[in-house]
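Before any comments, here is the structure.
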Amino acid sequence: MTYTRVMGIYVTDEQAYSKYREGMLPILESFGGSFGYDFKVSEVLKVKEEGPINRVFTIEFPSEQSMGQFFSDPNYLSIKKAHFDGAVSSRTTLALFEGP
């Protein structure tokens, strides 16, 4: 079973966001997580919630538990605070689903 989160974010600082991705990837992988798809989008035709989107990606985990552990991991939270929070002005969970 795979747990997948589809995210839409608005990246305002590509350099800082790249540092975030570089720093968090080994932690993500240590929890069995990975990115499935990753898109830079130039035009959004409709939104359900407030906040612009210029990046859409899927992040996948082997279990709901591993997903929760990753997002609460102190090392991840440190990297997120250092690089993500200043690089992304909005984020939206587009979908969360469980699949084979």
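A few points about this structure:
- For segment 62-85, the criterion of being at negative phi, surrounded by fewer than 14 Cβ atoms within 10 Å (Cβ to Cβ), more than 14 Å from the chain's Cα centre (by Cα) and modelled with pLDDT under 95 is satisfied by at least one residue.
- Of residues in segment 25-66 being among the β-branched types (Val, Ile, Thr) and part of a strand (DSSP E or B), the one farthest from PHE97 (Cα to Cα): VAL56
- A count restricted to segment 1-50 and to residues that are touching a strand residue (DSSP E or B) at 6+ places or on another chain (Cβ under 7 Å), small (Gly, Ala, Ser) and farther than 20 Å from ASP73 by Cα stands at 2.
- For first residues located in segment 66-88 and closer than 23 Å to PRO52 by Cβ, partners that are part of a helix (DSSP H, G or I) and among the acidic types (Asp, Glu) and lie 6+ apart or on another chain with Cβ distances below 9 Å form the pairs HIS83/GLU22; ALA87/GLU14.
- Filtered by the rule that a residue be buried (at least 16 other Cβ atoms within 10 Å of the Cβ), assigned to a helix (DSSP H, G or I) and not small (Gly, Ala, Ser), segment 1-18 gives a lone residue, TYR17.
- When segment 17-69 is filtered for residues that are in contact with a helix residue (DSSP H, G or I) (Cβ under 6 Å, 6 or more places away or on another chain) and either closer than 18 Å to THR92 by Cβ or small (Gly, Ala, Ser) (or both), the ones remaining, listed by number, are TYR17, TYR20, GLY23, GLY32, GLY33.
- Within segment 46-64, residues that are in contact (Cβ under 8 Å) with a residue 60 or more places away in the chain have Cβ atoms under 8 Å from residues that are part of a loop (DSSP other than H, G, I, E, B) in these pairs: PRO62/MET1; PRO62/GLY32; PRO62/GLY33; SER63/MET1; SER63/GLY32, counting only partners at least 6 apart in sequence or on another chain.
The values are calculated or read from the model by the stated rules, or taken from the named source; none is laboratory data. Please read these numbers as outputs of a predicted model, since none were measured by experiment. Cβ sites come from the backbone with ideal geometry, for glycine too, and all protein chains shown count toward neighbours.
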